[in-house]
1. List the lysines whose alpha-carbon lies under 28 Å from that of residue 238, not counting same-chain residues fewer than 8 positions away?
2. Tabulate in residue order the Karplus-calculated ³J(HN,Hα) for the range 215-226, using 6.51 cos²θ - 1.76 cosθ + 1.60 with θ = phi - 60°, rounded to whole Hz; enter x for Gly and Pro.
3. Convex hull over the Cα atoms of the range 57-143, averaged projected area in nm²?
4. Long-range amide H contacts for residue 93: which residues qualify at under 5 Å (H placed 1.01 Å from N, peptide plane, sequence gap of 5 or more or a different chain)?
5. Once amide H atoms are placed 1.01 Å from N in the peptide plane, what residues at a sequence separation of 5 or more from residue 141, or on another chain, have their amide H within under 5 Å of its amide H?
6. Apply the Karplus curve 6.51 cos²θ - 1.76 cosθ + 1.60, θ = phi - 60°, to the phi angles in the range 106-112 and return the couplings in whole Hz, x for Gly and Pro.
7. Quick check: net charge around residue 238, other residues with Cβ under 15 Å of its Cβ, Lys/Arg +1 and Asp/Glu -1?
8. Show me the ranking of peptides 133-139, 201-207 by mean Cβ neighbours inside 10 Å, starting with the highest.
Amino acid sequence: MNRQSEPGVTRSTRTLTLVIVTLLIALLSVTSIPARTPLQPQSTPGWADWIEPDFPFFSSVLDARSAGQGLPADNLTPRALVLRVGRHHWAGFDLDLLRVAAIWRGHGVTPTALAPGSYQRPDRKTPGGQNGLPEPDGPVWLASGIYPGWQVGEHPSFEDPREPAPSPEEVGRGPLAEAFQQMVADEQRPVLVARESLMVGGVVAVAWDGGKEASRAARLATPLLEKAAGVVIIAAPKASSRSFDPARLQAYYAARGVKSEVETLGVSGEAAPALLKAAVEAGADILAAGAFGHPRLQEFIFGGATRTLLNSDKPSLFLSH
């Protein structure tokens, strides 16, 4: 019986060995396949170009950190509006910092993002990290670093003023912190933006334009004013579309035991820079003001007084919506 069973055992062993060897060969052949090169969208019959030749703009990440010698190396825009400004000429606009990130001549951006990469291959995914991002597809003529494109004051800042991301290598996220917008605009809670060397009990300036945002801020700031060494009401009537009298706010404070002075500015147009300057010249430690007097989309695109106040170094701010 043993002699009869040996051939069966041998055949079974050989069969098992052959299966194992076959699986090993298949596994090795799969692991030896070279990695696919990044997809470069090409014209294919039945497919239109990813970017229509006559379309004026599109949105994309824009990585201009390798734009060239002498240009800023910290130039990464998570949300850029890529504008076609002429024949084969492009400009990347940072929607968060309101800056022109780069201007170049070429063919838009390199097709490494998810949208162009998956246009003809739906299964393609975007690689993680900050490598392999869309770059200006052509020589860059002009570039700027990660700092606000619109600023006020005598000394411009060349640093990112936004709240840092969880990872230090990431750029700032958005124009304003989401929690700040939710606290001020959605929940309508007053917020104290404390600058360095904040002192309660010093001089408090109140920005007044007669609007409901300014009225709410002026009323909610009353406890601060009661402890202040001095109170200055700052108004710029020519910069407002409404008619108002700062003496009425002064009378409101006087009825509550708060003495105040009124300073009327003669500026027209954008009042926020003049309000900041007047508050600093008055020695104010805190400036109370209304926030988001315009729709937030309008302030997001064009800036607005709230962003001007937040981009300032001093004084500290008491903001309410």
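Readers should treat all values here as calculations from the given coordinates under stated rules, not as data from a laboratory. Quick caveat, the model's predicted, so the values are computed rather than measured. Cβ: placed from backbone, ideal geometry, glycine included. Neighbour counts: every protein chain shown.
1. Once the sequence-local lysines are set aside, what remains near residue 238 is 212, 259, 277, 314.
2. Computed from phi, the couplings for the range 215-226 are 5, 5, 5, 5, 6, 5, 7, 3, x, 5, 5, 5 Hz.
3. Values: hull surface 22.7 nm².
About 5.7 nm², averaged over all directions.
4. Those lying under 5 Å, H to H, from residue 93 are 81, 82, 83, 101.
5. 103, 104, 105
6. My calculation for the range 106-112 gives x, 10, x, 10, 5, x, 10 Hz in order.
7. Computed value for this residue: -3.
8. Going by the mean number of other Cβ atoms within 10 Å, highest first, we get 201-207, 133-139.
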